[in-house]
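Everything below concerns the one structure shown next.
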Amino acid sequence: MNKNVIEKIENLRAKIRYHDGKYYVDNSPEIADYEYDQLMIELRSLESSHPKLITPDSPTQRVGGEPVSEFTSFEHRVPMLSIDNTYSDEELREFDKRIRRMLKDAHLNDEVGQADDIEYVVEHKIDGIAITLWYENGVFTRGATRGNGFRGDDVTTNLRTVKDIPLRFLCTDHTEIPPEIEIRGEIYLPDKDFQMLNQGREEAGEAQFANPRNAAAGSLKLLDPNTTAKRPLRLFAYSFGFYGDSKFTTHIECLESIEKFGLPVNPHYKLCKDIDEAVSYCNSWEAKKSDLDYQVDGMVIKVNSLELHDRLGSTSKAPRWVISYKYHPEEATTRIEAITVQVGKTGTLTPVAELSPVPLSGTTVSRASLHNFDEIERKDIRVGDNVVVQKAGEIIPQVVKVLVGKRTGNEKRFDVPERCPACESEVTKEEVYLKCYNPLCTAQAKRRIIYFASRNAMDIEGLGPALIEQLVDKKVIRNYADIYSLKLDELVPLERVGEKSAQNLIDAIEESKARDLHCLICALGIQNIGTHAAEVLSKNFGTLDRLMDASVEELDEIFEIGEITAKSIINFFSNSHTQDVINKLKAAGVNVKATHSKTDAVSDIAGKSFVVTGTLNGYTRKEIEDIIKNLSGKVSSAVSGKTDFLIAGESPGSKFEKAEKLGTTILNEDGFENLINKI
């Protein structure tokens, strides 16, 4: 192996790790995203040419491998106990007194000096998901959720996608790196990313997450790490679990070492000389927490001395040396002026409380979702009611309760609609939801067209909600296929549309015709189909016609689709109105084929199952698997009776032997190339 290549690869990895630390830990990037991307491209290229040099801790290996069928159990070497809660200054001071009594009873004052010398470290209590990370000789090896405190789920593959988590410690002094150490932290979603995630799910007709914590938890428990990688999960590390013979004496030293290793620690921690200072610091953040870009539901107060951690010990549920100071959710009282009904792009009717504007958690709230009509009945919510509102997860306004004692008798019960407020069609109840199934409903049409033109779909620049509202109201367009028949003289007379912007829009519409198939599938607005599911369908079917002809059984066999989504797809394409709209899209010249899929003659590969094993010379394993997927084939990690082809490189091992026994067709790289060249 060329020594220069090895050195170049190691230098690139070191540079990338350094810049990861500057970006994710220090929050002070030194290079632009483009420069960083060029370093990654160069490293991937070198590793692709020399696959034997790829290591698990390389920055290129954050996402890889097949989706897992289920998570295995992970036993915590040191239990991840819960933390006792308190809600007042008095309870915090009682916590301090309790510690002092225990120290006095155990005659420990002589060990720690005077009782007044007890220091506390106060940190933000991040509203996320507790996880544990194990490093061996500075390399990330395993990670898990807290679970019940004694056993969690091994989510190593998903945690590798979180860029805050270094795959190798950034510390350059190897004498400071212990042979084995456990770091604990909190996985969370920043507020803006959470809002964008929910917006995308709403547009895709998927259920929204209730709060950032639920979104983070759901993302960690996805079986496909490629999907997790698309969620902008972040980490704050806060302590060591197991640290072996490492000579730490204080919690502050632990936080400083964690930062040195290259993991982000919340910057707002503070060493307090006594409980008075700790209480003051906790209270100082209650009014400021809404300024943060992540959710904080309180503060955590820890004794700084690790020796005292050991001496104070734990109950069966929680350590005695730590407590959390929980903030009461901020609430406001206001009046419901009206209840309106929104119609989503998939026809779901959602009641919304129109409120007298009220300040809450840093913003003025004037609307709150009432979720569904059963919720209105359960809480007996009426127009004119005085209500208490708070933000779910500090973000989404919701009505917590009705102040029944303030009723005057003039409040009006809300009549559950029997017809769609937009098109007057009868609505159907499905579980707790009401739905309008009229394909010509104008409210649905607007939402569908907005989604069709959005960045995650056909990305038609200049075609925003206000313009779409005008186009539909004036009956210039009725559905998203009509976009492609728009003319300049239809656009220019509209409000805030000049001739230049109209021409730019016509050009953008024309450009969108060439978008890849997965963009179109996403843009169609099929219930339960977002950007990732659209990519999966595009790779599996290659053309829109093949997808439209697919059976429930074919769709259900695809990992990540499943029976419910399969039925949504079948129902969508069986609708005669949908078929008419798609025919218009085809007639307009909109691309209906996957760009990288040879879909006109894929009979030798489409639907066939492949396993790749051994060392390949002309391809990396990922490259060969991507070719198979782009040709509508399936890739598996294990040989079985359902395997059609085994592609074997050098030293193929046991998979080769099993394939021979089963009579599976075995191809070398030349044989594989002959197979794809037939297409």
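Read-outs: derived from the displayed coordinates by stated rules, not from any lab. All of these numbers come straight from a predicted model, not from anything done at the bench. Methodologically, a virtual Cβ is constructed for each residue, glycine included, from the backbone with ideal geometry; neighbour enumeration extends over all protein chains shown.
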Name every cysteine in the chain that ends up alone, with no second cysteine's Cβ under 4.7 Å, or say none.
C171, C254, C272, C282, C519, C522
Run the quick spin-label model on I564 and T315: label points 7 Å from Cα toward the beta carbon, then report their separation in nm to one decimal.
3.8 nm
Please report, in debye to the nearest 20, how large the charge dipole of the chain is about its Cα centre when each Lys and Arg carries +1 at its beta carbon and each Asp and Glu carries -1 there.
1020 debye
Could you give the length gained by full extension between Q195 and E90, i.e. 0.36 nm per residue of separation minus their alpha carbon distance, to one decimal place?
34.2 nm
Taking 0.36 nm per residue of separation and subtracting the Cα-Cα distance, what length does fully extending E673 through S576 add?
30.7 nm
Can you work out the Karplus-derived ³J(HN,Hα) for every residue in the stretch 247-252? Use 6.51 cos²θ - 1.76 cosθ + 1.60 with θ = phi - 60°, whole Hz, and x for glycine or proline.
8, 8, 10, 9, 5, 4
The stretch 540-559 to the stretch 205-243: how many Å between their Cα centroids?
30 Å
Projected label distance in nm at E511 and S637, using a 7 Å step from Cα toward the beta-carbon:
4.1 nm
Approximate spin-label separation D117-T363, in nm, with each point projected 7 Å along Cα-to-Cβ
5.0 nm
List K221, K104, K125 from most exposed to least, where exposure is judged by having the fewest other Cβ atoms within 10 Å.
K104, K221, K125
Using r as the Cβ-Cβ distance of Q61 and N410, and R0 as 41 Å, what FRET efficiency do you calculate, to the nearest 0.05?
0.05
Which length gain, in nm to one decimal place, applies between K273 and L488 when the Cα-Cα distance is subtracted from 0.36 nm times their residue separation?
70.3 nm
Karplus couplings for the stretch 165-178 from phi (6.51 cos²θ - 1.76 cosθ + 1.60, θ = phi - 60°), rounded to Hz, Gly and Pro as x?
8, x, 6, 9, 4, 7, 4, 8, 8, 5, 5, 8, 8, x
Quick one: go through the stretch 358-381 and flag any residue whose amide nitrogen is under 12 Å from the point 7 Å out along the Cα-to-Cβ line of V400.
361
